[in-house]
Amino acid sequence: MEKVKLLSLCFLLAGGIFSCTSKDKNNAATANNSSENTLTLCDYSKVTDTIDVPLSEWVEDCQLVHFDNSESALFKYWWPTITDHYIGIRQHGGVYKLFDREGKYLYDIGKIGQGPGEYSGSLYSEVIDEAGKAIYLAPFSNSSKLYKYNIDGTFEKTIDLKSDLNKPKIALNSDGGISLVNLCFDKEGIFSAVIDANDQVTTYLGKAGDITNPLDKKGNFSGFNNEIWSYGNTSDLTYMITGNDTLYVYDAQAGASKPLFALSNLPEKEDFFKIYFDLPQKYIINLGRKGAIAVDKKTQDTHYIRLKNDKFGGIGAPLCFTNGYFFAMYEPIHLMNAIEKRLSESSCTENDKKVLKELLGSLNEDDNNVMFVGKLKK
């Protein structure tokens, strides 16, 4: 659900909201060091200017993936998982699909149903472990289990956490184990878990700061209106929960979370939508129609940004990142429209036009989805 909202907002941001451009340094953020961790605070009131950022500054490369057109390969896109050799596709209420990095369809992972290796409804998180040759899937809710498959799509086992999970997010640890956080609605519920490389489970109950209020202002249960957003762009499991202004990092050894990044000085009377991305070199704050802010982790240099895909003719690039990659998913007709718009702009150079026309010629509006993919620089 949050992915649909995110993508629509990504494309709004890519279209260009601001009119000014500046490259002056702006230190609106400060890093507060302690013996346990570093908390970076960004003063929202001090972020005033906007810069255009070429995608090539952030990524090592960028390719356009054309997904297979076979009937088995077609999908209703929700969110991708990207690794060195694979692209996994989470669907709305559909089976998880595995492709290679060229877009060739490989396997369906599991099935929709109630039998062994089958999951009911939508998924909420997934991990592709290339080294361990395994894929882990986490159902949206109403399940206490994670599903583990071999990389060839065959079912291996379920991992039972003995307590229903609410929108769980999972991440691969450096030792081959899995960390998990989910919405915890009371002190008796599981907030997090660590599954070691041998699939042994250690669970942790929610502490005061981990528990999400499940009731709305009228006292009605609305807990599932909340989301956990976590995108796996660094080696740590970092996440935020809607309604909270803080990005956290999960410590698998301690079974606890620590604050990592937050916005400060937000106007009290404004309702702020925000999604945090923890990238190797930057924090990104997606503020929806208000724009997007980037904070350099090393220098704390802070600006509103517009990302431009200079690798492909300067078309607007959505602020979408996962598993250490930039990505932009399109139905072909939507990318064709974006190209035509860019071609009509006065800033489109002759070289840009050449690249864009070649790209346009490679697209067919009746084909399966296409996706730009670029590995983030470290």
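The values are calculated or read from the model by the stated rules, or taken from the named source; none is laboratory data. On a predicted model such as this, the values are computed, not experimentally measured, just so you know. So basically every Cβ, Gly included, is an ideal-geometry build from the backbone, and we count neighbours across all protein chains shown. Surface accessibility is based on the protein's heavy atoms, side chains included, excluding ligands, DNA and RNA. Shrake-Rupley method; radii C 1.70, N 1.55, O 1.52, S 1.80 Å.
Assuming a viscosity of 1.567 mPa s and a temperature of 4 °C, what translational diffusion coefficient in µm² per second does Stokes-Einstein assign to the stretch 123-162, Rh being the Kirkwood radius over Cα pairs? Kindly include the intermediate steps, with their values, before the conclusion.
Working: Rh = 10.3 Å.
Estimated via Stokes-Einstein, D reaches 126 µm²/s.
How big is the C-alpha Rg of the stretch 272-378 next to the rule-of-thumb value 2.2 N^0.38 Å, as a ratio?
On the way: Rg = 15.3 Å, N = 107, 2.2 N^0.38 = 13.0 Å.
Dividing the Cα Rg of the stretch 272-378 by 2.2 N^0.38 Å gives 1.18.
Which of the aspartates and glutamates could a cross-linker span from residue 162 if the Cα-Cα distance has to be under 12 Å and same-chain partners fewer than 8 positions apart are dropped?
In chain and number order, there are no partners.
Here is the link list: 111/133; 46/298; 148/218; 111/282; 169/311. Which ones come out longer than 30 Å on Cα distance? Working shown, then result.
Numbers: 111/133 19 Å; 46/298 18 Å; 148/218 40 Å; 111/282 38 Å; 169/311 32 Å.
Check vs 30 Å cut-off fails for 148/218; 111/282; 169/311.
On average over all directions, what projected area in square nanometres does the stretch 137-235 have, based on the convex hull of its Cα atoms? Please report the intermediate quantities before stating the final value.
Details: hull surface 29.1 nm².
For the stretch 137-235, averaging the hull's shadow over all directions gives 7.3 nm².
How many nm is it between the label spots at residue 211 and residue 133, if each spot is 7 Å from the Cα in line with the beta carbon?
The modelled label-to-label distance comes out at 4.5 nm.
Taking 0.36 nm per residue of sequence separation and subtracting the Cα-Cα distance, how much length would be gained by fully extending the chain between residue 162 and residue 377, in nm to one decimal?
Extra length from residue 162 to residue 377 when fully extended: 73.5 nm.
Exactly which trypsin sites (Lys or Arg not before Pro) in the stretch 196-296 are in a DSSP loop and have at most 15 other Cβ atoms within 10 Å? Walk me through the numbers before you get to the answer.
Numbers: sites: 207, 217, 218, 269, 274, 282, 289, 290; in loops: 207, 217, 218, 269, 274.
Loop-located and lightly packed - 207, 217, 218, 269.
Expressed as a whole percentage, what fraction of the accessible surface of the stretch 282-378 belongs to carbon and sulfur atoms when a 1.4 Å probe is rolled over the protein heavy atoms? Working shown, then result.
Working: 1790 of 4050 Å².
Reported share for carbon and sulfur atoms: 44 percent.
How much length, in nm to one decimal, is gained on full extension between residue 235 and residue 154, taken as 0.36 nm per residue of separation minus their Cα-Cα distance? Intermediate results must be reported in sequence, preceding the final value.
Details: separation 81, 0.36 × 81 = 29.16 nm, distance 2.73 nm.
Difference between extended and current length: 26.4 nm.
Excluding residue 176 itself, calculate the net charge of residues whose Cβ lies under 12 Å from the Cβ of residue 176, where each Lys or Arg counts +1 and each Asp or Glu counts -1. Write down the numbers at each step before the final one.
Numbers: positive: 133; negative: 129, 130, 175, 196, 199.
Net local charge, residue 176 excluded: -4.
Ignoring everything except DSSP H segments at least 4 long, calculate the 222 nm mean residue ellipticity for the chain; use -39,500 (n - 2.57) per segment, divide by total residues, nearest 500.
-3000 deg cm²/dmol
Using only C-alpha positions, report the orientation-averaged shadow area of the convex hull of the stretch 154-291, nm², one decimal.
Numbers: hull surface 42.2 nm².
Projected over every direction and averaged, the Cα hull of the stretch 154-291 covers 10.5 nm².
For the stretch 321-378, which GluC sites (Glu not before Pro) are both in a DSSP coil and crowded by at most 13 other Cβ atoms within 10 Å?
On the way: sites: 340, 345, 350, 358, 365; in loops: 345, 365.
Sparse-neighbourhood loop GluC sites (Glu not before Pro): 345, 365.
Placing +1 at every Lys and Arg Cβ and -1 at every Asp and Glu Cβ, with all other atoms neutral, what dipole size does the chain have around its Cα centre, in debye to the nearest 20? Numbers along the way, then the final one.
Details: 41 positive and 50 negative charges, 134 e Å.
With Lys and Arg at +1 and Asp and Glu at -1, about 640 debye.
Considering amide H positions built from the backbone, and no H for Pro or chain starts, which residues 5 or more places from residue 124, or on another chain, come under 5 Å of its amide H?
For residue 124, the qualifying residues are 138, 140.
Assuming a viscosity of 0.890 mPa s and a temperature of 25 °C, what translational diffusion coefficient in µm² per second does Stokes-Einstein assign to the stretch 45-106, Rh being the Kirkwood radius over Cα pairs? The partial results should precede the final answer.
Values: Rh = 14.0 Å.
After rounding, the answer is 176 µm²/s.
Kindly rank 61-74, 244-257 from highest to lowest mean number of other beta carbons found within 10 Å of each residue. Show your work: numbers first, answer last.
Details: 61-74: 15.4, 244-257: 17.9.
Those peptides, ordered most packed to least, come out 244-257, 61-74.
What value in Å³ per residue do you get for the convex hull of the alpha-carbon atoms in the chain?
146 Å³
Which loop trypsin sites (Lys or Arg not before Pro) in the stretch 33-134, with loop taken from DSSP, have no more than 16 other Cβ atoms within 10 angstrom of their Cβ? Mind showing how you got there, number by number?
Working: sites: 46, 76, 90, 97, 101, 104, 111, 133; in loops: 76, 101, 104, 133.
Here the trypsin sites (Lys or Arg not before Pro) that fit, given the DSSP loop and packing criteria, are 76, 101, 104, 133.
Roughly how many whole Å is it from the C-alpha centroid of the stretch 115-194 to that of the stretch 34-85?
Cα centroid of the stretch 115-194 versus Cα centroid of the stretch 34-85: 23 Å apart.
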